[in-house]
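Working notes, beginning with the structure itself.
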Amino acid sequence: MGPRPVFKRIAAARSWARVPGPCVVARSRVFQAWSARRSGALYMVGSQAMSIEDAKKAAGYKAVDDHVQSGMVVGLGTGSTAYFAVERVGQKLTSGELKDVICIPTSERTREQAASLGIPLCTLNEKSSVDVAIDGADAVDPNMCLIKGGGGALLREKMVEAVSAKFICIVDETKLCTGLGPSFPLPVEITPFCHEHTMRIVATLTELAGCKAVLRTGDCSNNKSQPGGQPAVTDNGNYIVDLHFERNSIPDVTRAAHALKHTVGVVEHGIFQGMVYQTIIAYKDGTCRVAGSGPGAEVPWWGGGKKDPGPAQDGVADARQHLGRALKHLNLGMSSL
C-alpha cells in the first residue's frame with residue numbers, strides 16, 4: 001500500500017517549491033502558506049474553502065506575527081477582525097514570546113477583551129507615540145483609503161492610528177472595493193446637540209452629493225439601525241450618522257474628508273486617508289496577500305476595473321512583479337532580462 005494522499009501532496013509541494021526559475025517567489029509563497037498552516041499562523045486547510053471568520057483570523061494573526069515585537073507600544077483596533085489581533089497579542093504575551101508590550105485600546109469593547117487576556121494597557125495620555133496599530137476596515141480602495149467606523153469606534157481609532165509609526169490594516173477579501181461609498185456606508189460621528197440639524201447640513205454637502213444620511217439607532221457597534229429606535233451612542237457620548245451611497249462612489253475622497261472635518265457639529269468622519277502602511281488581505285483559501293509598503297508588499301491589485309485573479313492564479317504575475325522590483329533596486333532595469 002502506497003503513501004497516503006496527504007503525504008504525496010506534501011512531497012509534491014516540497015519538490016515544487018525547490019524548482020528554480022522565474023516563478024520561485026510564487027512557488028515559495030504557496031509552500032510557505034502550507035507550512036504556516038502546520039504552525040497555526042496562516043490557517044491554510046488544503047484546498048478547502050474557509051469561512052470569512054477564519055479569513056479574518058488569518059489576517060489578524062499574521063499582522064501580529066509580522067509587526068509586533070517585544071518592548072513596543074501597540075494600538076489595538078476595534079471590530080470583528082481586530083478581535084483576532086488582540087487575541088494573538090494575548091497568546092504571545094502568555095507564552096512569553098512577547099514581553100514588555102503595552103497596548104492602547106480604541107474602544108471599551110477592546111479594552112475589556114484585552115484586560116481579560118492580561119494585556120497591559122494604557123491610553124494616549126501616558127503614551128503619545130505608538131509603534132504599530134492594527135485595525136480592520138469596512139472598505140479599502142486601490143489608493144489604500146479606508147472607510148472605518150462600522151463598529152462605532154472611529155474617533156478613538158483615528159486618534160490612535162494617526163500617531164502610529166505603522167498602521168496595519170487587516171481585512172478579508174470582501175472588503176476590497178474600487179471606490180469608497182457603495183460597498184459600505186460612511187460613518188460620521190456628530191454631537192447629540194441639534195443632531196438633526198447637523199444631519200441635514202452633512203447631507204447637502206456638494207462633496208457628498210448623492211448620499212442619504214441615516215441616524216444610527218440601537219447598537220452602536222453595527223450600522224443595522226432599528227426604525228424608531230433610540231440613537232446609538234458612542235463611547236464618547238456622541239451619535240453616528242451613516243451616509244449611504246447607493247449608486248456612485250465618493251467622487252473626491254480628499255474633498256469629502258475636508259468638507260466633513262470643517263462642518264460644525266461633526267466630531268470625526270470615517271475616511272482614513274494616507275494613514276495605512278500595509279493592508280493584509282485574507283482569502284477564503286487560507287492565504288494572505290499584503291498591499292502597501294515594506295518587504296513583500298504589492299501594489300494594490302484590485303483597482304482600475306481589473307478583476308483580482310486571486311493569490312493562486314496570479315502566482316506568475318506576482319513573481320514577475322517582485323523580480324522587477326528587485327532589479328529596479330539593483331539599477332539593472334528590465335531590459336537586461
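Scan (1) assigned to a loop (DSSP other than H, G, I, E, B); (2) in contact (Cβ under 8 Å) with a residue 40 or more places away in the chain; (3) at negative phi; (4) open to solvent by 20 Å² or more (accessible area, probe 1.4 Å) for the single condition K224 breaks and write down its number.
Failing condition for K224: (2).
Residues S107, S95: which one is surrounded by 18 or more Cβ atoms within 10 Å (Cβ to Cβ) and not acidic (D, E)?
Answer to the check: S107.
Taking into account only those residues within segment 68-92 that are open to solvent by 40 Å² or more (accessible area, probe 1.4 Å) and in a loop (DSSP other than H, G, I, E, B), which is nearest to T123 (Cα to Cα)?
Among residues in segment 68-92 that are open to solvent by 40 Å² or more (accessible area, probe 1.4 Å) and in a loop (DSSP other than H, G, I, E, B), the one nearest to T123 (Cα to Cα) is G71.
Being modelled with pLDDT of 95 or more, of a type in the set (S, T, N, Q) and in contact with a Leu (Cβ under 8 Å, 6 or more places away or on another chain) narrows it down to one residue among S129, S70; which is it?
Values: S129 fails: in contact with a Leu (Cβ under 8 Å, 6 or more places away or on another chain).
None of the other options fit; the residue is S70.
Of L243, L186, which residue is open to solvent by less than 20 Å² (accessible area, probe 1.4 Å), in contact with a Leu (Cβ under 7 Å, 6 or more places away or on another chain) and within 25 Å of I52 (Cα to Cα)?
It is L186.
In this structure, does S183 turn out to be part of a loop (DSSP other than H, G, I, E, B) and closer than 20 Å to N236 by Cβ?
No.
Listed residues V188, V214; which is assigned to a strand (DSSP E or B), over 27 Å from R289 (Cα atoms) and in contact (Cβ under 8 Å) with a residue 60 or more places away in the chain?
V188
Please count how many residues of segment 96-151 are part of a loop (DSSP other than H, G, I, E, B) and within 27 Å of T178 (Cα to Cα).
12
Could you please find all residues in segment 191-225 being basic (K, R) and within 27 Å of the chain's Cα centre (by Cα)?
K212, R216, K224
Which one of these is part of a loop (DSSP other than H, G, I, E, B) and touching a residue at least 24 places away in the same chain (Cβ under 8 Å): T263, T198, T279?
After ruling out the rest, the residue left standing is T263.
The values are calculated or read from the model by the stated rules, or taken from the named source; none is laboratory data. Just so we're clear, the structure is a prediction, and the values are computed from it rather than from any experiment. Virtual Cβ from ideal backbone geometry, glycine too; neighbours counted across all protein chains shown. Calculation scope for accessible area: heavy atoms of the full protein, side chains included, ligands and nucleic acids excluded. Shrake-Rupley method; radii C 1.70, N 1.55, O 1.52, S 1.80 Å.
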